[in-house]
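Visitor: Take a look at this one; I'll ask things after.
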Amino acid sequence: MNTVNRPRIPEIIRRPDLLDTTKKGILAVVATIGWILWIYLLLPLGSVLAWWFGYQRLDLFILIDPARTIQTLQIYAIIIAIGGLLFIFWATYNWLRFRRVDRRGAPPMADATAISKAFHIEPSVVERAQAGKILAFDFDDHGQIIQIEADNAALSHLAKAAVSHQGEG
């Protein structure tokens, strides 16, 4: 159980560290299935392209001397097994070394002064934005915040922006 109090993050911000284990597992399974399908669809295309451009070397390297091919595959398997064992030993070593030490923690919450210094705006503007539920930001040509509108002012600002955007399209 995570005892660190963190603010509620909206769904639009992707923060994998805030996902629970079930969602992470589901995302991993979906990503794996996607990669398998992608490879399944592209491998035949690669074979056709190779054949189209005249790559017919299978008989020279594999079919002429299958014993040598099996020996090469055995060497590859040994190298892969050694690499896997090294990885498992390294992971076990790190687990034994750091299993009771947790140096990670939530960063300290930024106050209005720190935020105002980082974004070059007044602390009162930051406090008003923190109190608001709906915010509209205006930026200059260099990406600096010029104005923050909260709640009703933000809604009217967003409505005006939507109307002007529709006029452009």
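Visitor: Only one residue in I115, I121 is under 26 Å from the mean Cα position of the chain (by Cα) and among the aliphatic types (A, V, I, L, M), so which one is that? Step through it out loud before you land on a result.
Guide: Numbers: I121 fails: under 26 Å from the mean Cα position of the chain (by Cα).
The match here is I115.
Residues are listed down the side, and each one gets a yes or a no for (1) at pLDDT 80 or above; (2) assigned to a loop (DSSP other than H, G, I, E, B):
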| position | (1), (2) |
| --- | --- |
| F61 | no, no |
| I70 | yes, no |
| Y76 | yes, no |
| R104 | no, yes |
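Visitor: Among (1) in a loop (DSSP other than H, G, I, E, B); (2) surrounded by 12 or more Cβ atoms within 10 Å (Cβ to Cβ); (3) not small (G, A, S), there is one condition Q147 misses while meeting the rest; what is its number?
Guide: (1)
The values are calculated or read from the model by the stated rules, or taken from the named source; none is laboratory data. Owing to the predicted nature of the structure, the values given are computational and were not obtained by experimental measurement. Please note: Cβ atoms are built from the backbone with ideal geometry, for glycine as well, and neighbour counts cover all protein chains shown.
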